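Trainee: Handing you this structure, nothing more for now.
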Ligand code: MF3
Ligand code: CO
Ligand code: CO
């Protein structure tokens, strides 16, 4: 049962859903755009620049830029980086897995989404982690319907992930979203009664599980942003922004090109 306060959780109507549909679609298109650029030798700051310009060209801007002093337009989290990796001049290397997380504001509405990308061919354990993490996100989303509670999302993710011998990061969570990037409610990716609230139509939030191959603990590097696994094990994350409807959910950030999880090239051409 959900006994927690939810009177501060914003609820939204049809115009807001329409705004979020557009912002979410643009965010997903930006994630689609980088697919061809995530290759060995490319520095992550080139991806950052691409998205910065893509946003401006489409009348949008990044919610990350200047958020609490953050200086880039996207987050790029490679291998054992859990989240909030800062784009830099280092070239991507064959075998890396990288999460790209983009939050775009269009006409005042925020779309927030991330996916994993493979740099060339990646080890089987890395691709397996990415597949499990995407499946965990989708199972979490399937739990979203009026009358369920946020613990049902966390339970779906945690049960599946731990059954696949992956651990769920505790320090970061999904969040309500709308005209700001982060609003109530807090969406945990594991079961915790303290944050359990009932899901009702008109809510809008993200689900963004981070799964590790090893232990769940993370630490923050001295740049104040980069979160890494304490045991250096690989970490993966996928994120969608969605709205709660009368019967279930609407995902605002689905890829228009069907680039749901890597290898994206394979899903398009059947080669590679
Ligand atoms: N996109 C992230 C999220 O899912 C937030 C990034 S904030 C930044 O909530 F400043 F690190 F970019
Ligand atoms: Co988010
Ligand atoms: Co995000």
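Trainee: For region 32-78, I need the span (max minus min coordinate) of the C-alpha atoms along each principal axis, in Å, sorted largest to smallest.
Mentor: 30, 23, 13
Trainee: Can you sort 150, 245 so the residue with the fewest Cβ neighbours within 10 Å comes first? Don't jump to the answer; show the numbers that get you there.
Mentor: Details: 150 29, 245 15.
The order, fewest Cβ neighbours first, is 245, 150.
Trainee: How far apart, in nm, are two points set 7 Å out from the Cα along the Cα-to-Cβ line at residue 230 and at residue 49?
Mentor: 3.9 nm
Trainee: Estimate the FRET efficiency between residue 171 and residue 142 by the formula 1/(1 + (r/R0)^6), using the beta-carbon distance for r and 25 Å for R0, to the nearest 0.05.
Mentor: Details: r = 25 Å, r/R0 = 0.99.
Rounded to the nearest 0.05, the efficiency is 0.50.
Trainee: Dividing the convex hull volume of the alpha carbon atoms of the chain by its residue count, what do you get in Å³ per residue? Numbers along the way, then the final one.
Mentor: Details: hull volume 33.1 nm³, N = 272.
Dividing the Cα hull volume of the chain by its residue count gives 122 Å³.
Trainee: Continuing with this model, one more query. What distance in nm lies between label points placed 7 Å from Cα along the C-beta direction at residue 223 and residue 93?
Mentor: So the two model labels end up 1.6 nm from each other.
Trainee: Any chance you could run the full-extension gain for residue 15 through residue 131? It's 0.36 nm times the residue separation minus the Cα-Cα distance, nm to one decimal. Let's see the in-between values first.
Mentor: On the way: separation 116, 0.36 × 116 = 41.76 nm, distance 3.45 nm.
Stretched out fully, the residue 15 to residue 131 stretch lengthens by 38.3 nm.
Trainee: Still on this structure, I have one more. In whole Å, what is the distance between the alpha-carbon centres of region 98-135 and region 4-45?
Mentor: So the two Cα centres are separated by 12 Å.
Trainee: Now for a different question. Would you mind ranking 76, 247, 183, 241 by Cβ crowding within 10 Å, fewest neighbours first? List each step's numbers first, then the result.
Mentor: On the way: 76 25, 247 9, 183 18, 241 29.
Going from least to most buried by this count: 247, 183, 76, 241.
Trainee: When the helices in the chain are scored as -39500 (n - 2.57) per DSSP H run of 4 or longer and the sum is shared across all residues, what 222 nm value do you end up with, to the nearest 500 deg cm²/dmol?
Mentor: Numbers: 5 runs with 73 residues, N = 272.
That calculation yields -8500 deg cm²/dmol at 222 nm.
Trainee: Determine, for 8, 159, the number of other Cβ atoms within 10 Å of each Cβ, and report the residues in order from fewest to most.
Mentor: Values: 8 9, 159 15.
The fewest-first ordering by Cβ neighbours comes to 8, 159.
Bear in mind these aren't lab numbers, they're just calculated from the coordinates by the rules spelled out. Fair warning: this is a prediction, and the values are worked out from it, not measured in the lab. Glycine gets a Cβ as well: all are built from the backbone with ideal geometry, and neighbour counts include every protein chain shown.
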